[in-house]
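Read through the structure below, which is laid out as structure tokens, and then see the notes.
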Amino acid sequence: MNGVINIFKNTGMTSFDAVRIIKKAAGTGKVGHTGTLDPEASGVLPICIGKGTKIIDYIMNSDKVYEVEFKLGIKTTTYDLEGDIIEEKDPSNIGNEDILKAIYSFEKEYSQVPPMYSALKQNGVRLYELARKGIEVEREGRLISIHKIEDVRINNPYISMKVTCSKGTYIRSLCYDIGEALNVGATMTKLKRSKTSKFTEDESINIEDINSENIKDYIISIEDALDSYEKLIVLSRFSKLLINGVKVFDKRLTKENIEVGKLYRVYDDSGIFIGLGKSDHQGFKIEKLLIN
């Protein structure tokens, strides 16, 4: 049993709870998720099974879409409602234009400081473990990108919006940063991930509907899970070299033009799927071998 299941995680469940459910249904321990969703968040959580675990990083590294609600005028230790309130201010005198200006000012690439209550490690210790002991440490900002903010709805102090962003983005931190820009604070109140890579909410399966009898019906093949990458066909006389890890310099590798640095789904000219590969200025090589 190899591939990916596009599950929908409900609130109140951890990402590891979801993995345990799929492990039991699949009857295998080789299962992994593609990016943690907090217990109080819901949404798309692709889970990889068997050889599908080889592509976890490729799904995790993709852009994501979130639908979020946050409240102005309140700060908490966790940047969401799970934490203790540490500051409150009255945001009622802030106009919608100022709110929109602050929100859209983050539609860019910027260095985002992650929350203390996160699974990131510092000196080998997870930040949330330190936070639970009342210890706060300096965190380095991480370069992330907010590609697009849309569907903004303001009902002061509550604001909802849809965010398309890069990997590594903390939506809780984005809400916090918007609150800081408005000088009243903000905390996230609701969060749903509606898309990860090609996996959307509309095509997801509620994890509670999956069991050992029907799980095979929902498995997406590794090849189909990667169909957001452009297909590249290489001549069969070079495929053995690529499969054996050799970088091919020959310009006759393919009849197509290859863009340097771009990742492709690679097939030989008999239709066999080999894996993911890319070219540098010295040749073409398979980066992730996925042939059966």
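The values are calculated or read from the model by the stated rules, or taken from the named source; none is laboratory data. In this text, all values refer to a predicted model and were calculated from it rather than measured experimentally. Keep in mind that these areas ignore ligands, DNA and RNA; they rest on the heavy atoms of the full protein, side chains included. Shrake-Rupley method; radii C 1.70, N 1.55, O 1.52, S 1.80 Å.
Residues that are part of a helix (DSSP H, G or I) and open to solvent by 20 Å² or more (accessible area, probe 1.4 Å) were ranked within the range 42-65; the one that is farthest from residue 170 (Cα to Cα) is 51. Of the residues making up the range 1-32, those that are open to solvent by 30 Å² or more (accessible area, probe 1.4 Å), of a type outside the set (Phe, Trp, Tyr) and under 17 Å from the mean Cα position of the chain (by Cα) are 10, 14. Would you mind stating whether residue 190 is basic (Lys, Arg), more than 12 Å from the chain's Cα centre (by Cα) and more than 20 Å from residue 150 (Cα to Cα)? When the stated conditions are applied, residue 190 does not pass them. The single condition from (1) farther than 19 Å from residue 226 by Cα; (2) among the small types (Gly, Ala, Ser); (3) in a strand (DSSP E or B) that residue 18 fails is (3). Out of all the residues in the range 156-179, is one or more closer than 14 Å to residue 67 by Cα, open to solvent by 50 Å² or more (accessible area, probe 1.4 Å) and either part of a strand (DSSP E or B) or of a type in the set (Asp, Glu) (or both)? There is at least one residue in the range 156-179 that is closer than 14 Å to residue 67 by Cα, open to solvent by 50 Å² or more (accessible area, probe 1.4 Å) and either part of a strand (DSSP E or B) or of a type in the set (Asp, Glu) (or both). Number of residues in the range 158-186 that are under 12 Å from residue 107 (Cα atoms), under 20 Å from the mean Cα position of the chain (by Cα) and among the hydrophobic types (A, V, I, L, M, F, W, C): the value is 3. For the range 66-82, the tally of residues that are open to solvent by less than 20 Å² (accessible area, probe 1.4 Å) and part of a loop (DSSP other than H, G, I, E, B) stands at 2. Could you grab me the full set of residues in the range 258-292 that are open to solvent by 80 Å² or more (accessible area, probe 1.4 Å), more than 11 Å from residue 234 (Cα to Cα) and outside any strand (DSSP E or B)? Once the filter is applied, which keeps residues that are open to solvent by 80 Å² or more (accessible area, probe 1.4 Å), more than 11 Å from residue 234 (Cα to Cα) and outside any strand (DSSP E or B), the range 258-292 yields 259, 281, 282, 292.
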